[in-house]
Amino acid sequence: MAQRNRRRQRRRGGIRGKLLFAAAGVVTVVALGAIAVAAWVLDVAADAPSLSACKEPDRSGNTTLYAADGSRLGVVRSDEAHEPVAIARVPKQLRRATVAIEDQRFYEHGALDFEAIARAVLKDVEAGGAVEGGSTITQQLVRNLCIRHPERSLERKIVEAQLAIEYTKRHSPREILGQYLNTASYGTVEGATAVGVQAASKIYFSKPVWELDLAQTALLAGLPQAPTEYNPILHPAQARQRRDAVLSKMAQLGWVPPRRAAAAKRRGLELNASSSYFAHRQPYFFDYVEHELIERYGAGPVRDGGLRVYTTIEPGLQRVALDAMRSTLPYSTDPASALVSIDPGSGAVEAMASSSSYGSSQFNLAAQGHRQPGSTFKTFVLTTAIKQGIDPYSTYYDGTSPKTLEIPGGGGEAPGPGAERI
């Protein structure tokens, strides 16, 4: 009996030893795996691009043209509608709405939110795929500025995190939020992507961002996560659902009274979409100036360089020019006409008008017609002659006599057919 007990204890001891050995082996493998993963993460982070290679936030916006009286003629068309706005002019409720739905601990965690990352990992594991990102506002900003073609991969997330850490060292939360609000995409309308809250506000509501109310700010705040899916023009039901989620989150965080959030949810989207962000006045002249600018500076700087172009066109003279043509050629069967008025002292174009409809034809008869002046110059010659004291009623032209034309500054005489010497 005693011998049997000793054998049993030896077997148990052997099993314990094997289990302990196996456990030690597992711990070792896990530790080595963790070390290997950590080393890989550090290698990927080390290969992240420098912040100096990232593009600066665009503070210029679209190129705008102005008339001589300072009134705005319009914005040069681009693939992006962009009008930067200072963070101080963005309503507090829009800033809060953005933080609430995108990164509620933005002012607490710094560059990375490890709680959000852990929560996202758990949800991804449960779903068997990537369903939640866990990115902070800072990470989203550096993704826009530093990663040209972002892919949904772990390597990209590591690089993004490294850049966010570096970016936070150089910029305050207020600066980061302001840059994010000016660089995030808020959807595509009429072929142009609204970049930044100011352009989005003007496209969806036809007013500047500082005039938005609570419901409107909540709508905009919800767009960057999925600007196509939540586009209020294309998908109003999804946009409203997203807006209400933003309002609920703000109420949950105590950033807006629940009753006020509930009242905002009862409202419709109340869009007042702009007919065209890039619509412009005096279209023939506008196209002429845009063409001249592109010829001189190139298409990129003109369309996306945020130029402020002040022209010499006088809106009042434009109206006078149109009235003059319409009173002379009032019928639809009359030939097309165009008029250009130039200040002879400075060469400034003060009026460039056409009787044609820009909607039916964009051909600028004044600038592209290239018509011969013909007898138009007779008026200038006759006016100059009278100014020099020549009496048109006593001066005659004989086309059979030889004549010589003296060209001022020409260095000689140019012979030609004609009558008397002029």
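Taking amide H atoms as placed 1.01 Å from N in the peptide plane, the amide H of ALA348 lies under 5 Å from those of ASP343, each 5 or more residues away in sequence or on another chain. Near the amide H of ASP113, within less than 5 Å, lie the amide hydrogens of THR136, all on another chain or at least 5 residues away, with H placed in the peptide plane. Counting Lys and Arg as +1 and Asp and Glu as -1, what is the net charge of the other residues whose Cβ lies under 11 Å from the Cβ of THR217? Computed value for this residue: +2.
Amide H to amide H distances under 5 Å link ALA192 with no residue, where only residues 5 or more positions off or on other chains count and H is placed in the peptide plane. Each label point was placed 7 Å from the Cα along the Cα-to-Cβ direction; for ALA226 and SER361 their separation is 4.9 nm. Put in line by how crowded their Cβ is, counting other Cβ atoms within 10 Å and starting with the fewest, GLU175, GLU295, GLU83 read GLU295, GLU175, GLU83. In the distance distribution for the range 79-265, Cα-Cα pairs more than 22 Å apart total 47 percent.
Can you check what the net charge comes to around TYR358, using other residues whose Cβ is under 11 Å from the Cβ of TYR358 (Lys, Arg +1; Asp, Glu -1)?
Working: positive: ARG281; negative: ASP287.
Net local charge, TYR358 excluded: 0.
Candidates THR168, GLY254, ALA97 compared by Cα position along the dipole of the range 79-265: farthest toward the positive end lies GLY254, with charges placed on Cβ.
Here, each number is a calculation from the coordinates, and none is a lab measurement. In this text the structure is predicted, and so the values were computed from the model without any measurement. Because the Cβ atoms are built from the backbone with ideal geometry, glycine has one as well, and the counts that use them run over all protein chains shown.
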